[in-house]
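> Structure provided below as structure tokens; questions to follow.
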Amino acid sequence: MSQYSSGQTFVASSNKIYRLWDVFCPNHKFLVYNLIQRNLKLKYKKSVLGFLWSLIGPASTAVIYYVIFKFVMKVSIPNYVSFILMGILPWNFFLTCLSGGLDSLVQNHNLLNKIPLPIHSLPFAEVLTAFINFALSLPIVLIVAFISNAPITLNYFFIPIFLFFLLLQCYAYALLLGIGFVYLKDLRHAMSIGTQLLFYMTPILYKIEMVPENLRCLIYLNPMSMIFSSLNLIVSEGITPSAFQFLHAAGASFFIFFVSYFIFKKQQFSVIENL
């Protein structure tokens, strides 16, 4: 595999979600497209395995957690491999968005100072780049489910809906972190600690029913909890998401998105001045 072949493959795949950024960056589609091109080429430049690393990392992490929680801690969840994998892949996508969003404005300050463009297009390009990698790794979930005899039902059609909610939240967090990092460089360290805590507050390795009732309110306060819970149960048990799960995921996602957009509108000019 050549050093650019992986990047070119992903760039071609990005055309499938071209209309998505038309909502957010109607006047800068070409710029966002080129930013994604650049990100993908840099990510896989001089890489022998290229995109395969996007599968190897999450897969190895899922295997480690599976061994620990299935055989050491004796967690009794049906089709636990599929359960964990459907949690680890979106979580890695989430972390990639946060990392890319955090640096998106500071690293591109020269571009922002030369070209009059909305600052939200930069974290948006980072999120779309991460989403392309994430989307192309999803078939491994179906393969694992097929091999492990996990139920493959029509409920799989709910997966894109919950992934859209996740994408919406990731973009909102990336935008907020990008703006915040301009003013506060300690935000990188705070994010590292925060994501570690959030990982265990998100039902990735466990089901919500396993949490004591008096502590479940903490899980419900996590805006991503119902997204991950729904995805895991769809893949591992073929369960249809409840109305509560859907409304919680949708409400939390749109609320966070509009909050981030409001902050962006208030700070878009002062951010450029402080870069």
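> For Pro160, which of the numbered conditions (1) exposed (fewer than 15 other Cβ atoms within 10 Å of the Cβ); (2) under 10 Å from the mean Cα position of the chain (by Cα) fails to hold?
So Pro160 meets the others, but not (2).
> Also: So if I check each of Ser82, Ser60, Ser76, which one is among the small types (Gly, Ala, Ser), surrounded by fewer than 22 Cβ atoms within 10 Å (Cβ to Cβ) and at pLDDT 75 or above? Walk me through how you get there before you give the answer.
On the way: Ser82 fails: surrounded by fewer than 22 Cβ atoms within 10 Å (Cβ to Cβ); Ser60 fails: at pLDDT 75 or above.
Going through Ser82, Ser60, Ser76 in turn, just one is among the small types (Gly, Ala, Ser), surrounded by fewer than 22 Cβ atoms within 10 Å (Cβ to Cβ) and at pLDDT 75 or above: Ser76.
> Out of curiosity, is Leu102 within 25 Å of Tyr200 (Cα to Cα) and surrounded by fewer than 18 Cβ atoms within 10 Å (Cβ to Cβ)?
Details: within 25 Å of Tyr200 (Cα to Cα): yes; surrounded by fewer than 18 Cβ atoms within 10 Å (Cβ to Cβ): no.
Taking the combined requirement at face value, the residue does not satisfy it.
> What's the number of the condition Ile239 fails, among (1) over 27 Å from Pro123 (Cβ atoms); (2) in contact with a Ser or Thr (Cβ under 8 Å, 6 or more places away or on another chain); (3) not charged (D, E, K, R)?
Only one criterion in (1) over 27 Å from Pro123 (Cβ atoms); (2) in contact with a Ser or Thr (Cβ under 8 Å, 6 or more places away or on another chain); (3) not charged (D, E, K, R) is unmet by Ile239, namely (2).
> Which of the residues belonging to region 134-157 are under 14 Å from the mean Cα position of the chain (by Cα) and of a type in the set (A, V, I, L, M, F, W, C)?
Matches in region 134-157: Phe134, Ala135, Leu136, Leu138.
> In this structure, is Leu166 at pLDDT 95 or above, surrounded by 17 or more Cβ atoms within 10 Å (Cβ to Cβ) and under 24 Å from Gly238 (Cα atoms)? Step through it out loud before you land on a result.
Working: at pLDDT 95 or above: yes; surrounded by 17 or more Cβ atoms within 10 Å (Cβ to Cβ): yes; under 24 Å from Gly238 (Cα atoms): yes.
Here the answer is yes, as Leu166 does meet what is asked.
> To continue, here is another question. Need the failing condition index for Pro118 against (1) more than 19 Å from the chain's Cα centre (by Cα); (2) assigned to a helix (DSSP H, G or I), just the number.
In the conditions (1) more than 19 Å from the chain's Cα centre (by Cα); (2) assigned to a helix (DSSP H, G or I), Pro118 misses (2) alone.
> Kindly indicate whether Ser121 is farther than 22 Å from His248 by Cβ, out of contact with any strand residue (DSSP E or B) (no Cβ under 9 Å at 6 or more places or on another chain) and surrounded by fewer than 18 Cβ atoms within 10 Å (Cβ to Cβ).
no
> Mind checking which residues of region 190-240 are within 26 Å of Phe254 (Cβ to Cβ), among the aromatic types (Phe, Trp, Tyr) and either touching a helix residue (DSSP H, G or I) at 6+ places or on another chain (Cβ under 9 Å) or surrounded by 17 or more Cβ atoms within 10 Å (Cβ to Cβ) (or both)?
The first filter runs over region 190-240 and keeps only residues within 26 Å of Phe254 (Cβ to Cβ), leaving 190-191, 194-195, 197-204, 207-208, 211, 216-235, 239-240.
Subsequent filtering for residues that are among the aromatic types (Phe, Trp, Tyr) retains 199-200, 220, 228.
Matches in region 190-240: Phe199, Tyr220, Phe228.
> Still on this structure: Which pairs have Cβ atoms under 6 Å, sit 6 or more apart or on different chains, and link a residue in region 199-223 that is without any contact (Cβ under 8 Å) to a residue 40 or more places away in the chain to one that is in a loop (DSSP other than H, G, I, E, B)?
Met201/Asn222; Ile219/Val211; Asn222/Thr202
The values are calculated or read from the model by the stated rules, or taken from the named source; none is laboratory data. These numbers come from a predicted model, not from an experiment. We place every Cβ from the backbone using ideal geometry, glycine too, and count neighbours over all the protein chains shown.
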